[in-house]
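Below: one structure, written as C-alpha cells.
Every number in this text was worked out from the coordinates using simple rules, so none of it is lab data. The structure displayed is predicted, hence computed values, not measured ones. Quick reminder, even Gly has a Cβ in these numbers, built from the backbone with ideal geometry, and neighbours come from all protein chains shown.
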Amino acid sequence: MKLINADSGEVLLDQLEFADTYWKRFKGLQLRRSLPQGSGLLLSPCSSLHTCFMRFSIDVIMLDRENVVLGKKLRMRPWRVVICNRGTARVIEVSPGSVDVADGTQLSWMDS
C-alpha cells in the first residue's frame, strides 16, 4: 500500500504495511534492524504504543477515525511509552523526518 496526502494527492510513503490483528500489532517493529526510508507501519486500532525491544527511533503520526492527523510524536527513542492524543484510532510509525504532515491533514492509502 502507499500512504497518500488526501488533501494534495502527494505520495508520502511508497510502502505502508498494515498491522491490523492483535499479533501483528504486538510484534510491530520490535526486533527489526531498521525501518527503510519510504516505508511505514500502520497500527489499527491503536491508542497507545511503546518502543520496547526496538533498535531505532521512530516518528509516530496519530490519526482519528477519518484518518485526519491529530498529532505527532517525533524521534521516539527505544524503551519509551506514549499515550496518544484523545480521539486517536490508529497510528503510523515511520523513520524520523521521513513524513512531514501538518495536524488536520487527511491521509489515505491505496494499493501500490
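Quick notes on this one:
- Filtered by the rule that a residue be loosely packed, with under 12 Cβ neighbours inside 10 Å and either without any contact (Cβ under 8 Å) to a residue 24 or more places away in the chain or part of a loop (DSSP other than H, G, I, E, B) (or both), the stretch 90-112 gives 97, 100, 102, 104, 111, 112.
- Enumeration of residues in the stretch 5-19 that are surrounded by 20 or more Cβ atoms within 10 Å (Cβ to Cβ) and farther than 8 Å from residue 41 by Cβ: 12, 13
- Annotation: of all residues in the stretch 51-89 being assigned to a strand (DSSP E or B) and not aliphatic (A, V, I, L, M), the one that is nearest to residue 40 (Cα to Cα) is 59.
- Candidates 63, 74 - the one that is exposed (fewer than 14 other Cβ atoms within 10 Å of the Cβ), within 12 Å of the chain's Cα centre (by Cα) and free of Cβ contacts under 8 Å to residues at least 60 places away in the same chain: 74
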